[in-house]
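The values are calculated or read from the model by the stated rules, or taken from the named source; none is laboratory data. Please read these numbers as outputs of a predicted model, since none were measured by experiment. Backbone-built Cβ (ideal geometry, glycine too); neighbour counts: all protein chains shown.
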Amino acid sequence: MEWFCGVEAGGTKFNCIVANDPKNILEEKRIETTTPDETLPEVVEFFKQIKTKHSIQYKSLGLGSFGPIDLNLSSPNYGRITATPKLVWRNADILGFLQKALAIPAAFDTDVTAAALGEGKWGAAVGCDNFVYLTIGTGIGGGVIVDGKPVHGLLHPEIGHIFVPHDMEVDPFPGNCPSHGDCLEGLANGPAIKSRWGTPAESLPLDHPAWEIEARYLAYCLANLVLTISPKRIILGGGVMKVPGLIDLVRKKVIETLNGYIQSDEIIKHIDRYIQLPDLGDRAGVLGCVALAQMIS
């Protein structure tokens with residue numbers, strides 16, 4: 001059995017795993033995200049302890065990180081977290097630290113791209129080579145897979161910060177994104193729901209007007225993705241999407257928003273398959289980091 005290290009580096013916690021696939025997981029651990037000087041050494045110590053405990057060797061490391069991050073291999077800042085609102089993590093050389101300490105090959109990408117890779121290898125996008133994974137939670141982010149590979153460009157996709165129509169009469173909430181105010185993330189992330197209505201999303205009843213507004217913003221985003229990237233499947237993960245019935249409302253509003261322009265049976269007849277929840281659930285990200293590690297093994 002070959003063993004791979006996976007690190008899903010999130011804004012509140014680092015999920016660490018030693019595994020080969022979802023059925024072969026050796027050890028896991030959650031580590032609080034505090035400062036680079038505290039969190040990263042604890043991550044390294046976990047992997048070193050597991051290596052000694054089980055007398056194994058690691059094949060490679062997959063690191064999926066909150067961002068923005070620098071994925072340009074020719075950049076002097078490659079492997080670093082860049083303009084994150086978590087100021088203590090700005091310019092942190094997260095990849096360099098872990099790769100040097102563990103002395104194994106490492107692959108690096110965003111946390112949502114890692115989740116996309118996990119769903120592509122073991123989850124809701126198995127057999128699908130062009131798809132998008134979105135997480136709707138504390139933040140909103142997206143990973144785009146084309147021809148089975150993550151899309152990178154100037155930087156990496158920042159789907160959470162696209163701009164969507166905002167009717168101030170229907171929804172006077174100004175948005176909570178520190179950079180853009182009422183971008184998608186500023187209007188539709190979990191904290192926006194709580195700020196707008198004064199209570200966490202999970203506490204709102206299913207017939208609350210919050211869900212019509214939330215579904216509309218998400219539908220605008222998904223319709224834009226259909227019209228620009230033309231994915232064969234869209235997967236919606238994250239804590240907000242656990243609200244019962246929300247995905248059905250999103251599907252309905254995507255069809256309404258596209259208004260018959262896209263003539264595809266995948267949308268017209270099979271919207272339940274086209275827009276899905278993740279099969280791997282909350283473990284899509286950390287298992288995706290294992291899939292990311294396997295891409296360079």
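Look at I255 and say whether it is over 23 Å from G62 (Cα atoms) and touching a Lys or Arg at 6+ places or on another chain (Cβ under 6 Å).
Values: over 23 Å from G62 (Cα atoms): yes; touching a Lys or Arg at 6+ places or on another chain (Cβ under 6 Å): no.
Spelling it out, it is not the case that I255 is over 23 Å from G62 (Cα atoms) and touching a Lys or Arg at 6+ places or on another chain (Cβ under 6 Å).
Take the residues in region 5-62 that are of a type in the set (G, A, S), surrounded by 13 or more Cβ atoms within 10 Å (Cβ to Cβ) and out of contact with any Leu (no Cβ under 8 Å at 6 or more places or on another chain); name whichever of them is modelled with the highest pLDDT. So that I can check it myself, show each step before the final result.
Restricting attention to region 5-62, the residues satisfying the condition of being of a type in the set (G, A, S) are 6, 9-11, 19, 55, 60, 62.
From the residues that got through so far, the ones that are surrounded by 13 or more Cβ atoms within 10 Å (Cβ to Cβ) too are 6, 9-11, 19, 60, 62.
Those left that are additionally out of contact with any Leu (no Cβ under 8 Å at 6 or more places or on another chain): 10-11, 60.
Numbers: G10: 92, G11: 88, S60: 98.
Top of the filtered list is S60.
Hey, among I193, I159, which residue is surrounded by 15 or more Cβ atoms within 10 Å (Cβ to Cβ), out of contact with any Lys or Arg (no Cβ under 8 Å at 6 or more places or on another chain) and closer than 23 Å to Y78 by Cβ? Outline the logic, then answer.
Details: I193 fails: closer than 23 Å to Y78 by Cβ.
Just a single option satisfies the conditions, and that option is I159.
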Residues in region 216-228: is at least one more than 20 Å from V144 (Cα to Cα), touching a helix residue (DSSP H, G or I) at 6+ places or on another chain (Cβ under 8 Å) and buried (at least 20 other Cβ atoms within 10 Å of the Cβ)?
-> yes
Which residue pairs have Cβ atoms under 8 Å apart, sit 6 or more places apart or on different chains, and have a first residue in region 265-281 that is without any contact (Cβ under 8 Å) to a residue 40 or more places away in the chain and a second that is part of a helix (DSSP H, G or I)?
-> E266/R273; E266/Y274; I268/I255; I271/R251; I271/V254; I271/I255; D272/R251
Unmet criterion (only one of (1) more than 29 Å from G239 (Cβ to Cβ); (2) touching a strand residue (DSSP E or B) at 6+ places or on another chain (Cβ under 7 Å); (3) touching a residue at least 40 places away in the same chain (Cβ under 8 Å)) for C16 = (1)
Scan region 258-292 residue by residue and report those that are among the β-branched types (V, I, T) and within 30 Å of L61 (Cα to Cα).
-> V286, V290
Which members of region 124-150 meet the condition of being modelled with pLDDT of 95 or more, part of a loop (DSSP other than H, G, I, E, B) and of a type in the set (V, I, T)?
-> V126
Restricting attention to region 109-134, the residues that are of a type in the set (A, V, I, L, M, F, W, C) and within 22 Å of I25 (Cβ to Cβ) number exactly 9
Restricting attention to region 221-235, does a residue exist that is without any contact (Cβ under 8 Å) to a residue 60 or more places away in the chain, more than 20 Å from the chain's Cα centre (by Cα), farther than 17 Å from D272 by Cα and not in a helix (DSSP H, G or I)?
-> no
By residue number, the members of region 162-190 that are within 16 Å of A219 (Cβ to Cβ), exposed (fewer than 14 other Cβ atoms within 10 Å of the Cβ) and either without any contact (Cβ under 8 Å) to a residue 40 or more places away in the chain or in contact with a Pro (Cβ under 7 Å, 6 or more places away or on another chain) (or both) are D167
Residue count, region 252-280, condition assigned to a helix (DSSP H, G or I), modelled with pLDDT of 95 or more and of a type outside the set (V, I, T), comes to 7
Quick check, is S65 of a type in the set (S, T, Y) and buried (at least 23 other Cβ atoms within 10 Å of the Cβ)?
-> yes
What single numbered condition from (1) more than 23 Å from V240 (Cβ to Cβ); (2) modelled with pLDDT of 95 or more; (3) in contact with an Asp or Glu (Cβ under 9 Å, 6 or more places away or on another chain) fails to hold for A114?
-> (1)
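Of everything in region 84-133, what is of a type in the set (G, A, S), touching a residue at least 40 places away in the same chain (Cβ under 8 Å) and surrounded by fewer than 24 Cβ atoms within 10 Å (Cβ to Cβ)? Give them in sequence order.
A92, A101, A106, A107, A124, listed by residue number.
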Of all residues in region 19-57, how many are more than 25 Å from W89 (Cβ to Cβ) and either part of a loop (DSSP other than H, G, I, E, B) or touching a Cys at 6+ places or on another chain (Cβ under 8 Å) (or both)?
-> 5
